[in-house]
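What follows is a single structure, written as structure tokens, with notes after it.
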Amino acid sequence: VLLQAYERRFPTCPLIPMFVASDTVSEYKSEDGAIHVIERRCKLDIDAPRLLKKIAGVDYVYFVQKNSLNRRERTLHIEAYNETFSNRVIINEHCSYTVHPDNEDWTCFEQSASLDIKSFFGFESTVEKIAMKQYTSNIKKGKEIIEYYLKQLEEEGITFIPRWTPPVACKSENSTSHPRRPVSPAINIPESATKEGLNNKEILNTSSSPSEPTAGTPDDKLDADYIKRYLGDLTPMQESCLIRLRQWLQETHKGKIPKDEHILRFLRARDFNIDKAREILCQSLTWRKQHQVDYILDTWNPPQVLQDYYAGGWHHHDKDGRPLYVLRLGQMDTKGLVRALGEEALLRYVLSINEEGLRRCEENTKVFGRPISSWTCLVDLEGLNMRHLWRPGVKALLRIIEVVEANYPETLGRLLILRAPRVFPVLWTLVSPFIDDNTRKKFLIYAGNDYQGPGGLLDYIDKEIIPDFLGGECMCEVPEGGLVPKSLYRTAEELENEDIKLWTETIYQSASVFKGAPHEVLIQIVDASSVITWDFDVCKGDIVFNIFHSKRAPQPPKKDSLGAHSITSPGGNNVQLIDKVWQLGRDYSMVESPLICKEGESVQGSHVTRWPGFYILQWKFHSMPACATTNLPRVDDVLASLQVSSHKCKVMYYTEVIGSEDFRGSMTSLESSHSGFSQLSAATTSSSQSHSSSMISR
């Protein structure tokens, strides 16, 4: 049927305006009807500037096309060359339709062309551009033209043409090697994955005719059953892309070849653009090999901190048979987890969850007898507050999303977000730009108890497995989360000693603060009204936090030798920027009131800069105040001092400068959510000055 549709393009084709007419030059048919060769002279009206046509002295150009049809081998070869200006320009084009070697119901299409411009009245470059434009246009329109004539045949009642068989008189000894099989109608033609060039290759699949079952081998039947059983309904074009990408991997990739289900995910993520899918799949395979992700479930054991405080876990399945993952994000101390484990371990744990998800999808496919390639995630935001909008934590979350999006596409079937508080839109604004559009369409967000009403949770999850903390009767074994003890926090140096790095940077730095030797950080501001943000933990001792401004840059930072103290600082840096000869009020000024921070406190804050110049963040040792009457230390202060050896304090900090417009937009929402704290931040207090605000968590 496909070959007969092609022949209908002649003697002229209304879908190709430039194809004006054609005349048969010669024709040959073999006695048995297997071979049909026809040569035509085609008249073309090339879309070229009138000036160029006038200079060339022609209105039309002529091509000679030779079509060789071999019904015995089921091939059609097409050769074309230009007759007009053949002494100046040489154009050769070759096309072929052949049977796919692995599936006789598939048709392979190959097309190539060459262009050699010797001379053309000084317009060689223009002619080359015109030729490329015409050729590319014809390639893109090829599918549309074939579909047009296939539909025309279908309207005439021609949906099946028996394969050619030799006449009885001409039957050869080898005829038994070509048993008669009904051909399938080539109704669905895949999209051409073409590029603007002179090479095009396509595989066309023909679906089986319902009235004429294919007399195939058991292997053919197994392939069809396999696709339906494990991959789901695929169009011919989608099947074609999957087979081609898998074959390419088998021929070129030296490592482990992913399963068809996983290859299909990358194709779907790129709308079955095979070149784009191949690119991201190759990057992912390299990443998996580099970080040994294929073995993560067998070789990596999550730290106990994760098992105790990561409030997420697998919980049965949804109504569609997808594995169900429950995440109680509102009850999770994201900052504590990052501080205790580092970004590396947290990311590795998320990757192990995704690997487990892939395994569960395979299991559920076998259990339910239908393809299941994604899972459902239920996120409970009860308790979400400002602590979860801690900027380093959000940055870590964005990096995790980036890695998961790149290496686990199309694995999220549905995301149910429940009990979203007022602070959620801020988090969503930060996160959503990093999520693929196709993924975002799968999000369902419920505020308050809306999930209990019509269109809620019961539409997607059976009543029997709704978790108890959502009002259901099913006991959910997901950890309840809670605050991670600060005693489990690790220093930046400890976090840098991870065995395998999935990221190459750490967001925190550590510093030691000594009596008489503060630690200082320089921030240069070019645009006034920028916003300096900070987040730090006082790991040891008490400190005073200051912010200074100077119009001139301090001397290059130097590591403090600590003079008479003779104390080294293996656990953190100690940098001093303010020269001892500088005078406060003359060389630099204090822009905010000092903030006293006790051991164990976490401090987040910001400062909107009034002037450009150099800002210095300072962490200074906090000396014990004496009693006003006796001038002697208080008993409590003496006891506290015994816990601080060598007058040493330690902080872990993170700073960032952001635009005032973006920051103010976030702060407006954050300030309106102060009353939404849960038990995770019940001990939170805040203090604010004219142009800065800090939040201290004890």
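The values are calculated or read from the model by the stated rules, or taken from the named source; none is laboratory data. In this text the structure is predicted, and so the values were computed from the model without any measurement. For neighbour counting, all protein chains shown are included, and Cβ atoms are generated from backbone atoms with ideal geometry for every residue, glycine included. For the accessible areas, the whole protein counts, side chains as well, though only heavy atoms, and no ligand, DNA or RNA atoms are used. Shrake-Rupley method; radii C 1.70, N 1.55, O 1.52, S 1.80 Å.
Condition first: at pLDDT 90 or above, more than 26 Å from Phe469 (Cα to Cα) and open to solvent by less than 30 Å² (accessible area, probe 1.4 Å). Can you find one or more residues in the stretch 393-407 that meet it? Yes. Just for the stretch 4-50: of the residues that are among the small types (Gly, Ala, Ser) and open to solvent by 30 Å² or more (accessible area, probe 1.4 Å), which one is farthest from the chain's Cα centre (by Cα)? Only one residue tops the list, namely Ser26.
Taken as a whole, the structure places Val426 among residues that are of a type in the set (Val, Ile, Thr) and either in contact with a Lys or Arg (Cβ under 6 Å, 6 or more places away or on another chain) or assigned to a helix (DSSP H, G or I) (or both). With respect to the stated conditions, Gly342 is open to solvent by less than 10 Å² (accessible area, probe 1.4 Å), assigned to a helix (DSSP H, G or I) and touching a helix residue (DSSP H, G or I) at 6+ places or on another chain (Cβ under 6 Å).
Taking the stretch 420-450 as the range and being in contact (Cβ under 8 Å) with a residue 12 or more places away in the chain and among the acidic types (Asp, Glu) as the test, only Asp436 passes. Condition first: in contact with a Cys (Cβ under 7 Å, 6 or more places away or on another chain), of a type outside the set (Lys, Arg) and open to solvent by 20 Å² or more (accessible area, probe 1.4 Å). Can you find one or more residues in the stretch 364-373 that meet it? Checking the stretch 364-373: at least one residue is in contact with a Cys (Cβ under 7 Å, 6 or more places away or on another chain), of a type outside the set (Lys, Arg) and open to solvent by 20 Å² or more (accessible area, probe 1.4 Å).
Based on what the data block shows, is Tyr654 touching a Leu at 6+ places or on another chain (Cβ under 8 Å), modelled with pLDDT of 75 or more, part of a strand (DSSP E or B) and open to solvent by less than 30 Å² (accessible area, probe 1.4 Å)? Judged against the criteria, Tyr654 is not a match. Residues of the stretch 265-303 that are assigned to a helix (DSSP H, G or I) and open to solvent by 80 Å² or more (accessible area, probe 1.4 Å): Lys276, Glu279, Gln283, Thr286, Lys289, Gln290, Tyr295, Asp298, Thr299. When the residues of the stretch 417-464 are filtered to those that are basic (Lys, Arg) and over 19 Å from Cys377 (Cβ atoms), the one that is most open to solvent (accessible area, probe 1.4 Å) is Arg422.
Highlighted here are the strands (runs of 3 or more DSSP E) found entirely within the stretch 474-542 that include at least 1 residues which are closer than 30 Å to Glu382 by Cβ and modelled with pLDDT under 85: 531-540. For residues that are of a type in the set (Asp, Glu) and under 26 Å from the mean Cα position of the chain (by Cα), scanning just the stretch 304-331, find the one that is most open to solvent (accessible area, probe 1.4 Å). Taking the candidates together, the pick is Asp320. Screening Ala186, Ala193, Ala224 for residues that are modelled with pLDDT under 85, within 20 Å of Arg71 (Cα to Cα) and either crowded, with 18+ Cβ neighbours inside 10 Å or not aromatic (Phe, Trp, Tyr) (or both) leaves exactly one candidate, Ala186.
For Glu355, state whether it is in a helix (DSSP H, G or I), out of contact with any Ser or Thr (no Cβ under 7 Å at 6 or more places or on another chain) and open to solvent by 30 Å² or more (accessible area, probe 1.4 Å). For Glu355, the condition - in a helix (DSSP H, G or I), out of contact with any Ser or Thr (no Cβ under 7 Å at 6 or more places or on another chain) and open to solvent by 30 Å² or more (accessible area, probe 1.4 Å) - is not met. Looking at Glu382, Glu402, which one is part of a loop (DSSP other than H, G, I, E, B) and in contact with a Phe, Trp or Tyr (Cβ under 9 Å, 6 or more places away or on another chain)? Going through Glu382, Glu402 in turn, just one is part of a loop (DSSP other than H, G, I, E, B) and in contact with a Phe, Trp or Tyr (Cβ under 9 Å, 6 or more places away or on another chain): Glu382.
Out of the residues in the stretch 85-119 that are part of a loop (DSSP other than H, G, I, E, B) and open to solvent by less than 30 Å² (accessible area, probe 1.4 Å), state the one that is nearest to Ile243 (Cα to Cα). Among them, the one singled out is His100.
Taking first residues from the stretch 610-621 that are crowded, with 17+ Cβ neighbours inside 10 Å and partners that are of a type in the set (A, V, I, L, M, F, W, C) and assigned to a loop (DSSP other than H, G, I, E, B), the Cβ contacts under 6 Å between residues at least 6 apart in sequence or on separate chains come to Phe614/Ala553; Ile616/Leu577. Taken together, Lys319, Lys366 contain a single residue that is in the same structural domain as Thr429 (by the TED database), without any contact (Cβ under 8 Å) to a residue 12 or more places away in the chain and over 25 Å from Trp534 (Cβ atoms), which is Lys366. Out of all the residues in the stretch 424-438, is one or more assigned by the TED database to the domain that holds Gly330 and touching a Phe, Trp or Tyr at 6+ places or on another chain (Cβ under 7 Å)? No, the conditions are met nowhere in the stretch 424-438.
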